[in-house]
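The values are calculated or read from the model by the stated rules, or taken from the named source; none is laboratory data. Note that the coordinates shown come from a computational prediction; the quantities given were computed from them, not determined experimentally. We place every Cβ from the backbone using ideal geometry, glycine too, and count neighbours over all the protein chains shown.
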Amino acid sequence: MIVNAVQGVPMDEGGDSSAAVVTKSAIADRLRMIRSRIAEAAVTAGRQPGDVNILLATKTQAVRVVGLACQALVEMGLAPLRLGENRSREGRDKAAELGLPDIRWSMIGHVQTNKVGEVLEFATEVQSLDRLSLAAALERQLQRRGQMLDVLVQVNTSGEASKFGLQPSDVQAFLRDLSAYSALRVTGFMTIATLTNDIEERRRCFRVLRQLRDQAKERDGEILTELSMGMSSDYELAVEEGATCVRLGEAVFGPRSFRPTGGWWPEGGTV
């Protein structure tokens, strides 16, 4: 067992089957390739590569594998570490087991109102705010705790019934309504593009989100800067269209050996 760079977390690359398959060196190689592609896409769009953050989508990944990724990021100078989870209980448990104070955890999956307490046990950001009932539930818990929370408004730019998120036409009114929730700090928007081989359709989804952000630049004096868009199969397109955060799973960890049962999983897509 190796105890190394990330706050003493055990890094046993051969100690369990998942870590034996996914090694720190393989993750580091993928991260270098990803950073190169992000830089190329950013330059193409006239942007600075440093304006784009990588959020590791850790859904179904073993804790030790996530620890290896954190170690690789630190050694490459890519801190601060940003991790995202789709399920509240999985995120809570992983955060507790990793025990790393310098990680910024985001909730990137759909949030049920009765799971808000679990979410706030680990997350400092929710990227999937999509309804006022969730805003109210978060507000109640945050007021009790004396905390603030960064939130991104999830927008359904694809128009697919299988996806959560506000319709683009409803975003401006939703932002106005959110002004009543003082514990929520709205920093931007999140979307999942259409899962299709049509590159221009994916690009359209990202462009719609950017245009919404530009239209709502200022809200109560706050600048809405964040655009969380782009996953493993389309992050370069997202960067070209203005993404400030790309949510990457398989691009960093490699192909998953299984698809989880229950819940929504992108058909033919990767996170």
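Below are the figures for this structure:
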item: The one condition in (1) touching a strand residue (DSSP E or B) at 6+ places or on another chain (Cβ under 7 Å); (2) among the charged types (D, E, K, R); (3) over 26 Å from Ala238 (Cα atoms); (4) modelled with pLDDT under 95 that Arg219 fails to fulfil; result: (3)
item: Test for Ala69: is it more than 29 Å from Ala173 (Cβ to Cβ), out of contact with any strand residue (DSSP E or B) (no Cβ under 8 Å at 6 or more places or on another chain), at pLDDT 95 or above and aliphatic (A, V, I, L, M); result: no
item: Residue tally, condition more than 22 Å from Thr225 (Cα to Cα) and part of a helix (DSSP H, G or I), over the range 144-170; result: 2
item: Meets criteria (at pLDDT 95 or above and out of contact with any Leu (no Cβ under 8 Å at 6 or more places or on another chain)) for Ser182; result: yes
item: Candidate set from the range 139-163 (those that are under 26 Å from Asn197 (Cβ atoms) and out of contact with any strand residue (DSSP E or B) (no Cβ under 6 Å at 6 or more places or on another chain)); member that is surrounded by the fewest Cβ atoms within 10 Å (Cβ to Cβ); result: Ala161
